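What follows draws every value from the coordinates through simple rules; no lab data is involved. Owing to the predicted nature of the structure, the values given are computational and were not obtained by experimental measurement. Ideal geometry is used to build each Cβ from the backbone, glycine not excepted, and the neighbour counts take in all protein chains shown.
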């Protein structure tokens, strides 16, 4: 509770902290950033995010920005996208990237893992239909490879196809004749990435101090 | 089987002993006859036909003999898997050294061979470190660099200081009896014992597959602490020579400064040489055969240069390897890269073997053994205990800043992995006898520490790792999806850091990557290499290559030669005209649903097929033989195959552009004509198979039974019939071997003599979409087939339908009518 006293005037942080697991310092830092991004408005728009200069060379920025406005990522019951988000939603999306705590039971770890994977899955599944279709996957791969420039779309396509085949062979295994693999479902997705250390790979350190340099 | 192994082992043992005894005797003889020889030489009047000139070749001969012996020793050790599973190879090699040392001692009564610092530091160590640098997993290394540096610098200093001081304290307390060692000498001794040895660490950890983070922490530390060790050793050595009274603050400050100069200077020299090497490989296209040599020579030069400037040589050669690996791998020809990899391993493994054997041999020497129980036991204790304390304390601090904390078991293994090795021994031998009275005791104790850590800790490492359930390295398959996903993670994390406005690891890495791809790659990489350079694509390429190999191997099993030849040639073609062609195929196949446009990759199927067992089952010996014959005859033989055989500078046989072109044209002609004939119902043109068939028939062994000959014949014919289908890309012979209607050609070959199979069009028209036995690749194949069938259907839908009812497609005229 010492932390709360150090930041007076933000009692709502306590709720947010419960909801997202961030510490008050982290919330305060992120809030500052939110204000900076939204030009002191209460809501954040897509344009605000795409205006971040460092983000401009990120090949999958479109998907990432979209993820911030995807309702599935902050209110699981709803679907669809929104035009603007408040700080709370911003924080919830960010909280997907919190590193797991050191002492966690197996179930907790599993739920953290699922949570992170769900976010990742939603990011790939752009049309909200619960499967990552070949087209969606191909799109991501294309954009990933687009940065190096030299590899053409054809290569990207074939790589995506090959990856999709791997997926099919892993998740379905034996396919019946006349059967199509129409896309990756979330269960398959879990199975696919079971060997991955998602808890740690999809985490960043949220600092307690503000490292944002002045613009 | 077991007995046989033992027999082999004993044979080897005797062989080794013989060689050894022979070598030693020859040597001692030469020693005796050395003087007499000169007299003889002057008194010889005529021309001697044969002279025995041992002393003339003595030096290189002994070296070569030793390498041979060490190699044979390793061979024997590695032959016994049940032993190496328990005891690490390094420990066994040391024991092997003991035995050899005993033999030498028995023969010579004096230890003639021991590991000298010159040999070790100049001829044995560099290649091991270069290997370590060249194969360093860069991303892992740099992302853990902070932790590694903390351990390498602070940890090493801590070890040196505490071991030295504690020993001195015990000495003052009277635990060691009467020995003449001062505080500074204790510190000097502590500093040479402080360094974890890269050679020992590699040797032991290679067999215990701990998780990669743990490995890189121990391994990285062992590489980077060299700078610290060298400085500490030099500084204390200087202090010992100066004597306690002369040391003042200025000297100490100079010592600290020299640390930074030595460590960073060494690393800098390495980076410079690494960049030079990368630049050099940009323009070695015309001297491909000696291209790999540059890697070794420049690496070695970086080591020597650093040594010359009294900088840290190990750091230098490490960073040389780390910096250049990416660029030289991209710049050099694929074959050169393979050469470098293998040569690197040969050298590194060889000298590692030598080092351990010599460490063993060096022990069998009366002159170095001065026993002092207190000193030895206390050294062992302090080395071990302070290592643990240091590691636990430093990781405790680090864990506050680490995203993935090192847990208790990790820390335990890190402390336990503090193996001392040949570097410590080499430094101990370097001690000056005049300045340090107890040099033999120090050398002996160092050896004991080395044996203790390498043998005892080495043996117990594996059980400990198992017992503590340390996270092991997951030996995951190379998977495209994994790589793609990793890349997604990278960008995702960067983006989140960007959005949250933090400047963390990912941010830094992204900035570096941008810089690297923008500038460094541009300068250091060949333009052609730069284009292809992408990690995901590399993986894709590797998988494709592997599958292509599998594919060919599979085809060979079935004896479908046409298929093989066409496919390989087709690959060549694809490399050249890849894009244009795929465009066409894209157009064709776009119409199909989902996975259809994978035609492109079908020639180089992308995911491995696990069909071997099944296909192997159906094979009979005779067919196998036929296959070999046919293979020999049918595989395209380059016209210029023998042209460069004696050339020293050109190794490649079939690299000629024209030739590739020719293969391509020939295949394309075949394909085109078979297309045409597919439409018109015309017989396919004669191809090379024609004469080759005659050849094979002539070459048939006479003693064959009628049955075999028959089956051979029919196989041949079946094949010539099959060609019709195969050269027509519409037919993939191994599409689905279990398809109900289609009788696979390789079965038809042996069993159905009728040769009425000709499965191409019929099977295809019959079941264009039926994937029967879907394996990993199946969807791909299906789609390909369907896209091809589309081509056919487009051009001549009716004819292919007709064909369904028709008798087998007409066999080519040259083939004798059989059925």
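Below are the figures for this structure:
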read-out	value
Prolate/oblate/rounded label for segment B:474-528 (Cα gyration tensor, a/c 1.5)	oblate
Peptide ranges B:267-279, A:39-51, B:544-556, B:190-202 listed from the most packed, as the mean C-beta count within 10 angstrom indicates	B:190-202, B:267-279, B:544-556, A:39-51
Order of A:166, B:58 - criterion: other Cβ atoms within 10 Å of each residue's Cβ, fewest first	B:58, A:166
Descending semi-axes in whole angstrom, ellipsoid equivalent of segment B:269-361, from the Cα gyration tensor	24, 18, 9
FRET efficiency, 1/(1 + (r/R0)^6) with R0 51 Å, evaluated for residue B:392 and residue A:153 via beta carbons	0.45
Other protein chain Cβ atoms within 10 Å, averaged over every residue that makes up B:123-129	0
Peptide-level mean, for A:53-59, of C-beta atoms on other protein chains within 10 Å	5
Calculated diffusion of segment B:99-198, Stokes-Einstein form, Kirkwood radius summed over Cα pairs, 4 °C and 1.567 mPa s, µm²/s	75
Largest-first ellipsoid semi-axes for segment B:413-560, taking √(5λ) over the Cα gyration tensor eigenvalues, angstrom	45, 28, 21
Two-site label geometry, residue A:15 and residue B:381: point separation in nm, points 7 Å out along Cα→Cβ	6.3
Per-peptide average of other Cβ atoms within 10 Å, ordering B:510-519, B:291-300, B:47-56 highest first	B:291-300, B:510-519, B:47-56
Segment B:81-141 - convex hull of alpha carbons, volume per residue in Å³	121
Rh by Kirkwood over Cα pairs, then Stokes-Einstein D for segment B:308-396 at 0.890 mPa s and 25 °C, µm²/s	137
Segments A:90-99, B:399-408 sorted - mean Cβ within 10 Å per residue, highest first	A:90-99, B:399-408
In nm, spacing of pseudo-spin labels at residue B:286 and residue B:57 (7 Å Cα→C-beta vector)	3.9
Cβ neighbours within 10 Å from other chains - mean over B:500-508	6
Distance histogram in 10 Å bins (all Cα pairs of segment B:259-306, percent per bin)	27, 45, 21, 6, 1
Residues B:253, B:364, B:179, A:27, sorted so that the one with the fewest Cβ neighbours within 10 Å comes first	B:253, B:179, B:364, A:27
Geometric extent, Cα atoms of segment B:310-465 - Rg, Dmax (angstrom)	19.8, 58
Rh by Kirkwood over Cα pairs, then Stokes-Einstein D for segment B:117-468 at 1.306 mPa s and 10 °C, µm²/s	76
Inter-site label distance for residue B:64 and residue B:503 at 7 Å from Cα along Cβ, in nm	6.1
